[in-house]
Amino acid sequence: MGTTTQYSVPHAGIGPVEVSVAEYGSGQPFLLLHGGAGPQSVTGFAETFAATHDVRVLVPTHPGFGGTLRPGALDSVAGLAALYQALLDQLELSDVTVIGNSIGGWITAEIALLQSPRVSGIVLIDAVGIEVPGHPVADFFSLTMDQVFELSFHNPDPFRFNAATLPPAAQAVAAGNRDAIAVYAGAAMTDPTLAARLGTLEIPTLVLWGDGDGIVDPGYGRAYAAAIPMARFQLLVDTGHNAQLETPDQVVDAIWDSAETDFSAFAR
């Protein structure tokens with residue numbers, strides 16, 4: 001089990017932002033950023049990673065998700081990136097690997113672009129954010145919940161649920177999550193400037209992609225890796241958009257195995 005701490009994080013132009021951070025394990029620090037599926041979509045992975053390796057995994061809840069408050073001025077992926085850079089500064093962490101899934105991957109890319117000396121490597125898991133001709137991001141806001149499950153998982157059945165049967169409080173959280181996605185990422189979930197900006201990065205990058213991802217297909221993932229000079233692309237088998245949720249062991253192994261290559265920043 002992890003512990004959860006509330007931090008008041010300074011943010012230029014916004015003021016202090018309250019951030020809830022769950023923490024698992026001890027050792028080399030990893031900042032783990034969830035996507036639109038919410039913080040619970042990375043909890044199992046964080047627990048598995050911390051239980052099997054000497055790592056400290058910090059999992060913030062993006063303000064506005066999970067029933068948390070979002071300051072009105074915190075309204076972009078770049079704003080979240082600056083928030084988490086300030087969190088790393090506040091915690092005085094070093095040699096941090098940032099891992100992000102989906103929108104969390106986009107935030108991770110923006111964190112890397114801030115060039116914090118505290119960040120030594122990044123891992124993008126089925127990230128969104130760039131524009132790739134011929135490989136559009138699925139139009140999330142036009143999809144039914146059942147369609148989201150079908151596109152998000154290689155085998156959606158274990159994860160499927162009927163949102164209409166949730167208690168009112170849980171339905172309110174889900175609606176808040178959806179609103180937060182729209183504010184931070186926009187309807188298209190892309191930034192036309194991002195791919196070109198990624199070309200300036202000089203940081204070890206591992207790009208992991210589920211072969212069954214129907215939200216952003218593997219061709220999109222390969223383009224993401226190609227945009228980053230030091231990136232390595234790895235396809236994960238029999239898994240989808242939320243690979244860290246569907247096959248957490250496979251993601252842990254992919255990250256740790258990278259220590260045996262020139263991507264040693266991920267595991268020292």
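Numbers at a glance
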read-out: Residues satisfying the stated conditions in the range 62-88, i.e. among the small types (G, A, S), more than 14 Å from E18 (Cα to Cα), open to solvent by 10 Å² or more (accessible area, probe 1.4 Å) and touching a helix residue (DSSP H, G or I) at 6+ places or on another chain (Cβ under 6 Å); value: A78
read-out: V59 surrounded by 13 or more Cβ atoms within 10 Å (Cβ to Cβ), in contact with a strand residue (DSSP E or B) (Cβ under 7 Å, 6 or more places away or on another chain) and either under 20 Å from S94 (Cα atoms) or polar (S, T, N, Q) (or both); value: yes
read-out: Residues being in contact with a Gly (Cβ under 7 Å, 6 or more places away or on another chain) and under 23 Å from A175 (Cα atoms) - total across the range 48-72; value: 5
read-out: For S152: the one exception among (1) open to solvent by 20 Å² or more (accessible area, probe 1.4 Å); (2) out of contact with any helix residue (DSSP H, G or I) (no Cβ under 7 Å at 6 or more places or on another chain); (3) hydroxyl-bearing (S, T, Y); value: (1)
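The values are calculated or read from the model by the stated rules, or taken from the named source; none is laboratory data. If you're wondering where the values come from, they're calculated on a predicted model, not measured in any experiment. Cβ: placed from backbone, ideal geometry, glycine included. Neighbour counts: every protein chain shown. The accessibility values were calculated without ligands, DNA or RNA, using every heavy atom of the protein model including side chains. Shrake-Rupley method; radii C 1.70, N 1.55, O 1.52, S 1.80 Å.
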